[in-house]
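The values are calculated or read from the model by the stated rules, or taken from the named source; none is laboratory data. The structure presented is a predicted model; accordingly, all values stated were derived computationally and were not measured. A quick note on method: Cβ atoms are made from the backbone with ideal geometry, for glycine too, and the neighbour counts reach across all protein chains shown.
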Amino acid sequence: MRIMSAEKDLAMAHAGRPRRVLFLSAAERVGGAERSLYELVCALPKDRVEAHVCVPSESPLSRLFALAGIPVHPVPLRRFRRSRNPLVLAGQLRALHLGAKSIGELAGHLGLDLLHANTDATALVAWEVSREAGLPFVWHCRDLRPLGLLAKILASKTACAIAISAAVENHLLQQGVRRECVRHLPNGIDLTRFHPPERRAEVRARTRGYLGISPETPLLIDIGAWVPWKRHELFLDALAEVRRRRPDVVGLLVGSDLFHENRAYVSQLERHAERLRLSDGGLLVLQQRDDVPDLLAASDVLVSTSDDEPFGRVLVEAGASGVPVVSTDSGAKREIVRPGETGLLTPPGDARTLAEACLDLLGQPERLAAMGAAGRRVAAERYEVGRLARDVAALYDELPGPSPHR
């Protein structure tokens, strides 16, 4: 009688079917990282990957996945926040342990091959599952925050750390993660959400109509979560400077305090807009919404002011919409924005130079159009989500399966 090794037994059990992968997200609401995860999972080739997701129950994110026909498993995961309060830390560690225990049980029930953690926080949960159950995990790193010892802890068990930009890749290496452990795979977006050139005029007119903005008004747009590192106050300063010379220009600020952690910053933005007298027709503020493609189609220039941007999804979305970008030069933005071709980059924190760049583009309609067309080409060539999905599926094929002691 032939006796197979445990490794061969496992390999044969999983042969002939797609890799069964459980994606982990602790976020209830849909921010940039969650939108990127959703679009990636939906684009994965179903003949190679059987996707399951673990997200908070009855949340906007869980409903998105359910509507797309992706199996949703409501395991209670918590977003982790940095704190020196021992009681807060103890509660978070307990939540991590309980989440890992539930996912370990779910892994056994589903016969999973792999975990895919969408953030640093869920990578901690995946790390504990891997340590206890031998299940490999992918760590999707989407931040430039200092990780300290955490980076080495996660890297000790992860099968691969996906860096969404070269900036994040370098950050991981500087944090002590082994080079052979890191794979640079830029985010992808669903280009079909964004309006083609032949529809832009129609969408622009309709969207401006319901916003109460006239067709000829120059419109600058700033889209992003209302968190301090996005530096939206810099957009307000630049807008005020632009309006001193072009009073016809209007600014559109789109976003929200998505996870209700930055109320003080939101209040600061409101007071700053009042001091600059922008609330008198110069600024329209919209909470986070689902019609970003329409808002971009209605705009003339996207303005990005964030510091240490790990990727800049909205920069790609602007390109897909044919909208030029004026951005501060920080983090990964230079990887997306091609200065003089798809937009302009300015020194970080310099509102006056940012304003000058906006005025320069608004005064050159032909250059605006050429940059918009170039941005659309770059988005299609480099950031289509199907390309990322194929790369991720190929990465899964390279990774080892579960350890036999499961």
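Out of everything in segment 192-228 that is hydroxyl-bearing (S, T, Y) and without any contact (Cβ under 8 Å) to a residue 40 or more places away in the chain, what residue ends up being surrounded by the most Cβ atoms within 10 Å (Cβ to Cβ)? Please lay out each step first, then the result.
If we filter segment 192-228 for residues that are hydroxyl-bearing (S, T, Y), which is where we start, we get 192, 207, 210, 214, 217.
Subsequent filtering for residues that are without any contact (Cβ under 8 Å) to a residue 40 or more places away in the chain retains 192, 210, 214, 217.
On the way: T192: 11, Y210: 10, S214: 10, T217: 14.
Among those that are hydroxyl-bearing (S, T, Y) and without any contact (Cβ under 8 Å) to a residue 40 or more places away in the chain, it is T217.
Any chance segment 334-357 includes a residue that's assigned by TED's automatic domain parsing to the domain that holds G255, surrounded by fewer than 24 Cβ atoms within 10 Å (Cβ to Cβ), assigned to a helix (DSSP H, G or I) and within 16 Å of the chain's Cα centre (by Cα)?
Checking segment 334-357: at least one residue is assigned by TED's automatic domain parsing to the domain that holds G255, surrounded by fewer than 24 Cβ atoms within 10 Å (Cβ to Cβ), assigned to a helix (DSSP H, G or I) and within 16 Å of the chain's Cα centre (by Cα).
For G401, which of the numbered conditions (1) surrounded by 14 or more Cβ atoms within 10 Å (Cβ to Cβ); (2) in a helix (DSSP H, G or I) fails to hold?
The one condition G401 does not meet is (2).
Yes or no: segment 55-67 includes at least one residue that is surrounded by fewer than 19 Cβ atoms within 10 Å (Cβ to Cβ) and of a type in the set (A, V, I, L, M). Talk me through it step by step, then tell me what you get.
Of the residues in segment 55-67, the ones surrounded by fewer than 19 Cβ atoms within 10 Å (Cβ to Cβ) are 57-60, 63, 66-67.
Subsequent filtering for residues that are of a type in the set (A, V, I, L, M) retains 66-67.
The answer is yes, given that some residue of segment 55-67 is surrounded by fewer than 19 Cβ atoms within 10 Å (Cβ to Cβ) and of a type in the set (A, V, I, L, M).
Can you pull out every residue in segment 358-386 that is touching a strand residue (DSSP E or B) at 6+ places or on another chain (Cβ under 9 Å) and part of a loop (DSSP other than H, G, I, E, B)?
Of everything in segment 358-386, just one residue is touching a strand residue (DSSP E or B) at 6+ places or on another chain (Cβ under 9 Å) and part of a loop (DSSP other than H, G, I, E, B), namely Y383.
Mind listing just one residue for me: the one in segment 99-131 that is charged (D, E, K, R) and either touching a helix residue (DSSP H, G or I) at 6+ places or on another chain (Cβ under 6 Å) or surrounded by 21 or more Cβ atoms within 10 Å (Cβ to Cβ) (or both) and, of those, nearest to E398 (Cα to Cα)? Give the derivation first.
Taking segment 99-131 first, the residues charged (D, E, K, R) are 101, 105, 113, 120, 128, 131.
Then keep just the ones that are either touching a helix residue (DSSP H, G or I) at 6+ places or on another chain (Cβ under 6 Å) or surrounded by 21 or more Cβ atoms within 10 Å (Cβ to Cβ) (or both); that gives 113, 128.
Values: D113: 13, E128: 22 Å.
So, considering only residues that are charged (D, E, K, R) and either touching a helix residue (DSSP H, G or I) at 6+ places or on another chain (Cβ under 6 Å) or surrounded by 21 or more Cβ atoms within 10 Å (Cβ to Cβ) (or both), the one nearest to E398 (Cα to Cα) is D113.
Just the residues that are closer than 17 Å to V242 by Cβ and among the polar types (S, T, N, Q), please, taken from segment 262-287.
S279
Can you tell me which residue is farthest from I164 (Cα to Cα) among those in segment 30-61 that are in contact (Cβ under 8 Å) with a residue 24 or more places away in the chain and of a type in the set (S, T, Y)?
Step one: of segment 30-61, the residues in contact (Cβ under 8 Å) with a residue 24 or more places away in the chain are 30-56, 59-61.
Within this subset, residues satisfying the condition of being of a type in the set (S, T, Y) are 36, 38, 59.
Details: S36: 10, Y38: 15, S59: 25 Å.
The residue in question is S59.
Would segment 170-190 turn up any residue that is assigned to a loop (DSSP other than H, G, I, E, B) and in contact with a Pro (Cβ under 7 Å, 6 or more places away or on another chain)?
So far as segment 170-190 goes, no, none of its residues is assigned to a loop (DSSP other than H, G, I, E, B) and in contact with a Pro (Cβ under 7 Å, 6 or more places away or on another chain).
Would you check which residues across segment 278-321 are basic (K, R) and at pLDDT 95 or above and list them? If you could, list the steps in order and put the result at the bottom.
Quick first cut of segment 278-321, residues basic (K, R) only: 289, 313.
The answer is R313, and nothing else.
Results for (1) within 19 Å of F259 (Cα to Cα); (2) modelled with pLDDT of 85 or more; (3) of a type in the set (D, E), shown as yes or no for each residue.
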{"residue": "P60", "(1), (2), (3)": "yes, yes, no"}
{"residue": "F65", "(1), (2), (3)": "no, yes, no"}
{"residue": "P71", "(1), (2), (3)": "no, yes, no"}
{"residue": "L89", "(1), (2), (3)": "yes, no, no"}
{"residue": "V125", "(1), (2), (3)": "no, yes, no"}
{"residue": "S130", "(1), (2), (3)": "no, yes, no"}
{"residue": "L135", "(1), (2), (3)": "no, yes, no"}
{"residue": "A166", "(1), (2), (3)": "no, yes, no"}
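Which one of A126, A161, A155, A167 is touching a residue at least 24 places away in the same chain (Cβ under 8 Å) and within 24 Å of L315 (Cα to Cα)?
On the way: A126 fails: within 24 Å of L315 (Cα to Cα); A161 fails: touching a residue at least 24 places away in the same chain (Cβ under 8 Å); A155 fails: within 24 Å of L315 (Cα to Cα).
Of A126, A161, A155, A167, the one residue that is touching a residue at least 24 places away in the same chain (Cβ under 8 Å) and within 24 Å of L315 (Cα to Cα) is A167.
Looking only at segment 261-300, count every residue that is under 30 Å from R376 (Cβ atoms), assigned to a loop (DSSP other than H, G, I, E, B) and among the aliphatic types (A, V, I, L, M) and tell me the total. Write out each step before concluding.
Filtering segment 261-300 for residues under 30 Å from R376 (Cβ atoms) gives 282-300.
Next, only the ones that are assigned to a loop (DSSP other than H, G, I, E, B) stay: 282, 288-291, 298-300.
Retained after the next criterion (residues that are among the aliphatic types (A, V, I, L, M)): 298.
Selection size over segment 261-300: 1.
Taking the criterion of being assigned to a helix (DSSP H, G or I), at pLDDT below 95 and either among the aromatic types (F, W, Y) or closer than 22 Å to H140 by Cα (or both), would at least one residue in segment 37-53 satisfy it? Break it down stepwise before answering.
Here is the first cut: in segment 37-53, the residues assigned to a helix (DSSP H, G or I) are 37-43.
Now drop any that are not at pLDDT below 95, which leaves none.
No.
Going through segment 51-67 one residue at a time, which ones are within 22 Å of A107 (Cβ to Cβ) and in contact with a helix residue (DSSP H, G or I) (Cβ under 9 Å, 6 or more places away or on another chain)? Outline the logic, then answer.
Step one: filter segment 51-67 for residues within 22 Å of A107 (Cβ to Cβ), giving 51-57, 59, 61-62, 65-66.
Passing the criteria: A51, H52, V53, C54, V55, P56, L61, F65.
Name the residue that is farthest from S214 (Cα to Cα), counting only residues in segment 252-277 that are at pLDDT 95 or above and among the hydrophobic types (A, V, I, L, M, F, W, C).
Residue satisfying both the conditions and the ranking: A264.
Quick check on this structure: which one of R183, R199 is among the basic types (K, R) and within 23 Å of A369 (Cβ to Cβ)?
Values: R183 fails: within 23 Å of A369 (Cβ to Cβ).
Unique residue meeting the criteria: R199.
If you scan segment 120-146, which residues turn out to be in contact with a Leu (Cβ under 8 Å, 6 or more places away or on another chain) and not in a helix (DSSP H, G or I)?
L135, P136, F137, V138, W139, H140, C141 - these are the residues of segment 120-146 that are in contact with a Leu (Cβ under 8 Å, 6 or more places away or on another chain) and not in a helix (DSSP H, G or I).
Report whether or not T328 is over 17 Å from the mean Cα position of the chain (by Cα) and farther than 30 Å from P136 by Cβ. Spell out how you get there, then give the answer.
Numbers: over 17 Å from the mean Cα position of the chain (by Cα): yes; farther than 30 Å from P136 by Cβ: yes.
Taking the combined requirement at face value, the residue satisfies it.
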